[in-house]
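Taking it in order: structure first as structure tokens, then the write-up.
The values are calculated or read from the model by the stated rules, or taken from the named source; none is laboratory data. Every value quoted in this text rests on a predicted model; they were computed, and no experiment measured them. Here the Cβ positions follow ideal geometry from the backbone for every residue, glycine too, while neighbour counts run over all protein chains shown. Heads up: the accessible areas ignore ligands, DNA and RNA and are worked out on the full protein's heavy atoms, side chains in. Shrake-Rupley method; radii C 1.70, N 1.55, O 1.52, S 1.80 Å.
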Amino acid sequence: MDNVLAFLRWIVTEAAAPKLLVPLVFVALILTLKYYRVVTKPRVAGPIGLLIVVFLVGSCFDANFRKIITKADNIPIILLLFSVFFLVWLSLRRAALNDEAAEKGEPPLEARFKRETVLVWPDLVMIELIVIVGLTALLAFWAVGLPAPLEEPASAALTPNPSKAPWYFLGLQEMLVYYDPWYAGVVLPTMIVVGLMAIPYIDTNPKGNGYYTLVERKFAISVFLIGFIVFWIALITIGTFLRGPNWNFFGPYDYWDVHMSVPLKNINISEIFWVKMLKQGMPEAWYVRELPGIVMVIAFVMIGPLLLAKTVLKKLFKQLDIVRFSVVVTLLLFMISLPAKMLGRWLFNLKYVVYIPEYFINL
Amino acid sequence: MASKASPGKPKKKGLFDRVRDTQIWKSIFRHGYPDTQRNRALAVLSNVFLHLHPVRVRKSGIALSFTWCMGGVTFFLFLVEAVTGILLMFYYRPVAYSAYNDIQELRETIPLGMMRELHRWGAHAMVLTVWLHMFRVFMTGSYKPPREFNWVIGVVLLLLTLLLSFTGYLLPWDQLAIWAITVGSNMARATPLQGHEGPFSQLLTLDGEALVTAGSDVRFALLGGRFVGENALLRFYVLHCVFIPVVAVTLMAVHFWRVRKDGGISGPL
Ligand code: HEM
């Protein structure tokens, strides 16, 4: 029995490491989208949900796990995980039902009532009232049961370790592992906001307006969900539960040891190229030194769009005008730049592709 | 103020009916008991708050399994934040020597201290529901024409919700607060051109003097100093209690108005 438990702990700890967890979430999402009609069936999704609950409850027997999970400010993230899981299921389930109906030539569920309308008073007002009463009760219950934390008074001299941003920004803080602040903290968030705003103007597919569906909007939904689930929710989860002192990785059952040291073995492209491959010293001038990295970035920016247009975006390339297509490609390249660097780090211990501290441009 | 008993009516009037018959009641609610189509419509039309709604809505639109009620819940949580926030403002002073103590008082002695819990958990919940609302709107394709612009307004509202939460995070003035804000605002240092550690910022010079320094970059403007101190506390307080809420309320009004003007909650054509 002890052996089995130890084995389970080992598996969970290994799988929780970002270099496995992020790809695992990604693969799980892709499989879900591919087989959504089967996966969302209650008799498949139900047991999966149950398994997650069993995992969480079972893990609570571990003191370290319990400590991090029950931290007052972490409760919303537990709520977030459950509601996202449930609502992804609900929306894909409805999509599956609608898509099946469409194949038989029937209208989607949302069209059941056709143009039928109801009076706001009392129908909608009643729903609102019930929701308000229920929510008030929930909030009151939460507020009575869980005191809001207050730590030691602010002190500019004592830096806590780890220092974490508010939980909803921990996905961004996690991106700092891979990119410098100017990119992970400024450029990427800006592109997220710009990208979100651009969605209605670049998605010209008229289908799937006002009802759940997957087949009619497969590409749009896949990209959105990869961004939302993998690069937002999963990164927040890692940043909150699995990053301890010095932003080191700690498994869900590990004690957060302040003194744990992780060897720094990440290296720059310039070093790989000049020292390891050409076996010579680093050139003096930065533009020579960083040439290999700069060439790689330019290649990413120039060849990336061509590759995309020939492969995943083949259909879009034909449908969209040049302006919209350029915007789509630009946004996608920004999005891909994150997993690209992640892979570089996990596979080659890559630190920077381009390293020009003279101008604070490190990528 | 009892009304005259009408001779033809056999049933005696209850207290409620009497209240409804007073001039005061009738001056407030200008419609009869909402049991007829006409009066139900008037109940919505003659009330400025309910008039956010149309008189009739599509049945499919209000199904809980369609909207998950997430936009409505977000709005409700915003109202909770406004009410509890105002109560907190009675006790809390945004100056470094008292801020922490005021929060401690709220925890320990002040009868309305639970407002702090409601306010904090409500804020967390609002961040969560606004994400889920966006997720729902995306999954139903409700950003497609004619609702494109309302989606854009929504993205701004999402940003404002996060900023509201972020500026509020500093106010307890404890270790968690200043260091979370320090971590967050450190990003601004690295803003291209405008942060003193950002790419290209050192190219901005005047007569050989750097224009963008630790004492003049965007982070300095945000914090009112080189680090998270008293000035930052005051700035965040004003942003949190006045500026962002006013902008958010205005945009919410536009958002709700547009939901109606764009043809109500979306549905299959
Ligand atoms: C403070 C934040 C927000 C509040 C209070 C709010 C409130 C609402 C409400 C009450 C509705 C009516 C339908 C529903 O409940 O789902 C609605 C609809 C809508 N919201 Fe929001 N919203 C907010 C943020 C957002 C965000 C972040 C987005 C998207 C990025 C968004 C986009 C939309 C769109 C496109 C509709 C029309 C949906 C339809 O017709 O089906 N809103 N919003």
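Taking the criterion of being touching a residue at least 24 places away in the same chain (Cβ under 8 Å) and either outside any loop (DSSP other than H, G, I, E, B) or open to solvent by less than 70 Å² (accessible area, probe 1.4 Å) (or both), the residues of the range A:257-288 that qualify are A:266, A:267, A:268, A:269, A:270, A:272, A:286.
Taken over the range B:51-70, the residue count meeting the criterion of being part of a loop (DSSP other than H, G, I, E, B) and either touching a Cys at 6+ places or on another chain (Cβ under 9 Å) or facing chain A (nearest Cβ under 7 Å) (or both) is 8. Answer with yes or no whether residue A:208 is crowded, with 22+ Cβ neighbours inside 10 Å, small (Gly, Ala, Ser), facing another protein chain (nearest Cβ under 7 Å) and within 16 Å of the ligand (Cβ to nearest atom). When the stated conditions are applied, residue A:208 passes them. Selection of first residues in the range A:10-35 that are assigned to a helix (DSSP H, G or I) and of second residues that are modelled with pLDDT under 95 and of a type in the set (Asp, Glu), restricted to Cβ pairs under 9 Å at least 6 apart or on distinct chains, gives the following pairs, ordered by first then second residue: A:13/A:254; A:20/A:14. When restricted to residues that are over 16 Å from residue B:259 (Cβ atoms), charged (D, E, K, R) and within 12 Å of the ligand (Cβ to nearest atom), the range B:52-86 contains 1. Among residues of the range A:163-177 that are facing chain B (nearest Cβ under 8 Å), those with a Cβ under 9 angstrom from a residue that is open to solvent by 30 Å² or more (accessible area, probe 1.4 Å) and part of a loop (DSSP other than H, G, I, E, B), sequence gap 6+ or separate chain, pair up as A:173/A:164.
Among the residues making up the range A:333-350, those that are surrounded by 15 or more Cβ atoms within 10 Å (Cβ to Cβ) and under 19 Å from residue A:186 (Cα atoms) are A:333, A:334, A:335, A:337, A:338, A:339, A:340, A:341, A:342.
The set of residues in the range B:223-257 being farther than 20 Å from residue B:185 by Cα and within 12 Å of the ligand (Cβ to nearest atom) consists of B:245, B:247, B:248, B:249, B:250, B:251, B:252, B:253, B:254, B:255, B:256, B:257.
Pairing residues of the range A:301-328 that are of a type in the set (Gly, Ala, Ser) with residues that are surrounded by fewer than 11 Cβ atoms within 10 Å (Cβ to Cβ) and in a helix (DSSP H, G or I), at Cβ distances under 8 Å and at least 6 apart in sequence or on separate chains, gives no pairs at all.
Taking the criterion of being outside any loop (DSSP other than H, G, I, E, B), open to solvent by 50 Å² or more (accessible area, probe 1.4 Å) and at the interface with another protein chain (Cβ under 10 Å from one of its Cβ atoms), the residues of the range B:14-44 that qualify are B:37, B:40.
Does residue A:191 satisfy being more than 7 Å from chain B (Cβ to nearest Cβ), under 18 Å from the mean Cα position of the chain (by Cα) and open to solvent by 30 Å² or more (accessible area, probe 1.4 Å)? In short, yes. Are any of the residues in the range B:71-79 over 30 Å from residue A:90 (Cβ atoms) and not in a loop (DSSP other than H, G, I, E, B)? No, there is no match, as no residue in the range B:71-79 is over 30 Å from residue A:90 (Cβ atoms) and not in a loop (DSSP other than H, G, I, E, B). For the range A:89-130, a residue qualifies if it is of a type in the set (Phe, Trp, Tyr) and surrounded by 17 or more Cβ atoms within 10 Å (Cβ to Cβ), and the qualifying residues are A:89, A:121.
For the range B:101-115, the candidate set comprises residues that are under 15 Å from residue B:170 (Cα atoms) and open to solvent by less than 30 Å² (accessible area, probe 1.4 Å); within that set, the residue that is nearest to the other protein chains (Cβ to nearest Cβ) is B:103. Identify the residue in the range B:259-269 that is open to solvent by 70 Å² or more (accessible area, probe 1.4 Å) and within 13 Å of chain A (Cβ to nearest Cβ) and, among all such residues, is nearest to the ligand (Cβ to nearest atom). The qualifying residue nearest to the ligand (Cβ to nearest atom) is B:260.
Just one of the listed residues (B:158, B:128) is closer than 30 Å to residue B:106 by Cα, in a helix (DSSP H, G or I) and more than 7 Å from the ligand (Cβ to nearest atom), namely B:128.
Contact annotation: no residue pair with Cβ atoms under 7 Å, 6 or more positions apart or on different chains, pairs a residue in the range A:60-74 that is of a type in the set (Lys, Arg) with a partner that is assigned to a helix (DSSP H, G or I) and surrounded by fewer than 13 Cβ atoms within 10 Å (Cβ to Cβ). Do we find that residue B:124 is farther than 28 Å from residue A:217 by Cβ, within 7 Å of chain A (Cβ to nearest Cβ) and under 25 Å from the mean Cα position of the chain (by Cα) in this structure? Against the criterion (farther than 28 Å from residue A:217 by Cβ, within 7 Å of chain A (Cβ to nearest Cβ) and under 25 Å from the mean Cα position of the chain (by Cα)), residue B:124 qualifies. The listed residues are B:118, B:193, and the only one of them that is at the interface with chain A (Cβ under 7 Å from one of its Cβ atoms), more than 10 Å from the ligand (Cβ to nearest atom) and open to solvent by 20 Å² or more (accessible area, probe 1.4 Å) turns out to be B:118. Residue B:98 fulfils the conditions (1) without any contact (Cβ under 8 Å) to a residue 12 or more places away in the chain; (2) within 16 Å of the ligand (Cβ to nearest atom) except for a single criterion, (2).
Give the range B:141-153 a look and list any residue that's within 6 Å of the ligand (Cβ to nearest atom) and either among the hydroxyl-bearing types (Ser, Thr, Tyr) or open to solvent by 20 Å² or more (accessible area, probe 1.4 Å) (or both), or say none.
B:142, B:143, B:147, listed by residue number.
Taking the condition more than 7 Å from chain B (Cβ to nearest Cβ), assigned to a loop (DSSP other than H, G, I, E, B), more than 30 Å from residue A:188 (Cα to Cα) and without any contact (Cβ under 8 Å) to a residue 60 or more places away in the chain, does residue A:151 pass? So residue A:151 fails the test. Of the residues contained in the range A:337-348, one or more are found to be without any contact (Cβ under 8 Å) to a residue 24 or more places away in the chain and aliphatic (A, V, I, L, M). Each residue in the range A:311-325 was checked for being out of contact with any helix residue (DSSP H, G or I) (no Cβ under 8 Å at 6 or more places or on another chain) and at pLDDT 90 or above, and 3 pass. Regarding the range A:158-169, can at least one residue be identified that is in a strand (DSSP E or B) and either at negative phi or in the same structural domain as residue A:217 (by TED's automatic domain parsing) (or both)? There is no residue in the range A:158-169 that is in a strand (DSSP E or B) and either at negative phi or in the same structural domain as residue A:217 (by TED's automatic domain parsing) (or both).
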